[in-house]
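One structure below.
The values are calculated or read from the model by the stated rules, or taken from the named source; none is laboratory data. What you see is a predicted model; the values in this text were computed from it and never measured. Cβ placement follows ideal geometry from the backbone for every residue including glycine, while neighbour counts extend to all protein chains displayed.
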Amino acid sequence: MAADFRPMFLTLFLLGGLQSVAITEVMANPRGQSGANMPEDRNEFVEVYNYGTELVDLFDWTIDDGDAVDRIRAWTDSSLLGDNPTLRINQTWLWPGRYAVVLDPEYTDTAALGGFVRPYRFPDSTLILTVGNTTIGNGLAGTDPLLLVASSAYGFADTATFGTPRDHADRFPTGAGDGISWERVRAEGPDDAGNWSFCRDSAGATPGRDNSVAVLTDLAVARLEARAGTGGTAVVAAGVTNRGVRAVDAWRLSLWLDRNNNGRRDRDEGLRDVQGLPLAPGAETLFVAAVAVPRVRTDLWAELTCSGDRETLNNRSRVGVAPGRSGELLELLFTSFTPNGDGFEDSLPVAFRLPEPGGRLRIAVFDLGGRELRELYSGRDAAAEGTVAWDGCDNSGRPVGMGIYCVGLEYRVKGATVNDRKAAVLVRR
């Protein structure tokens, strides 16, 4: 059959490609009734993504749901092209950076009952596959893990999984809900519950498309520091990391002073705008600049602009900049913080700089009445500088209320004691 023809030179070309295929979406419980010719039976699918750099032939790979093992075959029913004539059928080659959708063989059954006929809208050039049986596995169930294994023709055991099939004690997966798929967050991430989520798309599934929960483009301000320089300047270091799975070619880093303390950049507050260089996944770059220190303590912000970056909570960060005064041992990096679990400024970083190392250091949080609420650090042989953090809770782990609190430092070294205190605002919203 033409669908099974695979030139030998392409097979040889692929022998170097290892561990580049991932299961990225599973629809085990399609919307509608179950039974012969019903939607829940014919609309199941498994999506596969090639995150490698080479072609992969998925012919004769196996899908195992723990109840039955099926072999992948090319989709041959050309009636599916009526939905989208660009769909790739009669072939099993998956290109790098592209998706394949393994459909139930009865997806285009003309005897379909119960509505929900051919409900999916596949993007252009999606590779459509199926299995050599009447169902995927033994009919997917919401609690079924999956194991995808390369054909023996590869000469190595390339595998991909969904639902940790080798761990029967973790109770993953569970049912995602009627008409809702499981989606992988990061294609190259681990197969564990933390890297899967229910589909957030209004359609309930995204076969052949980037997952609604996928973190594909994600730049982050990974660090932001401001240290006293010379001549009334501060040296600012801002680190940018690519936490996504795609290279980012165009992005901008902006530094600005929030002179009116409204949390947004207004006219005449800008300091620097830097056009970033391409960043590969996992790569980091550091930008260093000298800025004039304001007359009063002011928040300095670093903010990223990057097209396609949906994880924006990590796109901005701030640090307090103030004129230096002798004897200061404490620095609160924020003037306020919001420990509400949203991933942005959930804790208050407290930096300390001591006159010399080796003494006994204690840092604690107090209310305005002087009552100690939380000990942040207590120990001997302290380093000359470092950072601790307050999460907004007291010593028993209970969150404290919104208000103004004081962070106090006491340092004893060589018979002398020095102290410093700073106020911070805790806001819950």
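The table that follows gives values for the structure above.
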{"quantity": "Among residues of segment 340-362, those that are surrounded by 14 or more Cβ atoms within 10 Å (Cβ to Cβ), assigned to a loop (DSSP other than H, G, I, E, B) and of a type outside the set (Asp, Glu), counted", "calculated": "5"}
{"quantity": "Selection within segment 136-168 - at pLDDT below 80 and aliphatic (A, V, I, L, M)", "calculated": "Ala153, Ala157"}
{"quantity": "Test for Ala389: is it small (Gly, Ala, Ser) and either crowded, with 16+ Cβ neighbours inside 10 Å or part of a loop (DSSP other than H, G, I, E, B) (or both)", "calculated": "no"}
{"quantity": "Identity of the residue in segment 120-132, closer than 21 Å to Ile63 by Cβ and either surrounded by fewer than 17 Cβ atoms within 10 Å (Cβ to Cβ) or not polar (S, T, N, Q) (or both), that ends up modelled with the lowest pLDDT", "calculated": "Gly132"}
{"quantity": "Residue in segment 94-108 that is among the polar types (S, T, N, Q) and at pLDDT 95 or above present", "calculated": "yes"}
{"quantity": "Condition met for Asp299 (surrounded by 14 or more Cβ atoms within 10 Å (Cβ to Cβ), under 21 Å from the mean Cα position of the chain (by Cα) and not aromatic (Phe, Trp, Tyr))", "calculated": "no"}
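Rundown of residues vs (1) under 27 Å from Pro190 (Cβ atoms); (2) touching a helix residue (DSSP H, G or I) at 6+ places or on another chain (Cβ under 9 Å), yes/no style:
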| site | (1), (2) |
| --- | --- |
| Trp75 | no, yes |
| Asp83 | no, no |
| Leu87 | no, yes |
| Leu94 | yes, no |
| Asp104 | no, yes |
| Leu127 | yes, no |
| Asn133 | no, no |
| Val149 | yes, no |
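Every residue, every condition in (1) in contact with a strand residue (DSSP E or B) (Cβ under 6 Å, 6 or more places away or on another chain); (2) farther than 20 Å from Gly263 by Cβ; (3) of a type in the set (Lys, Arg); (4) in the same structural domain as Asp258 (by TED's automatic domain parsing), yes or no:
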residue	(1), (2), (3), (4)
Arg318	yes, no, yes, yes
Leu333	yes, no, no, no
Phe337	yes, no, no, no
Arg353	yes, yes, yes, no
Ile363	yes, yes, no, no
Glu372	yes, yes, no, no
Trp390	yes, yes, no, no
Val407	yes, yes, no, no
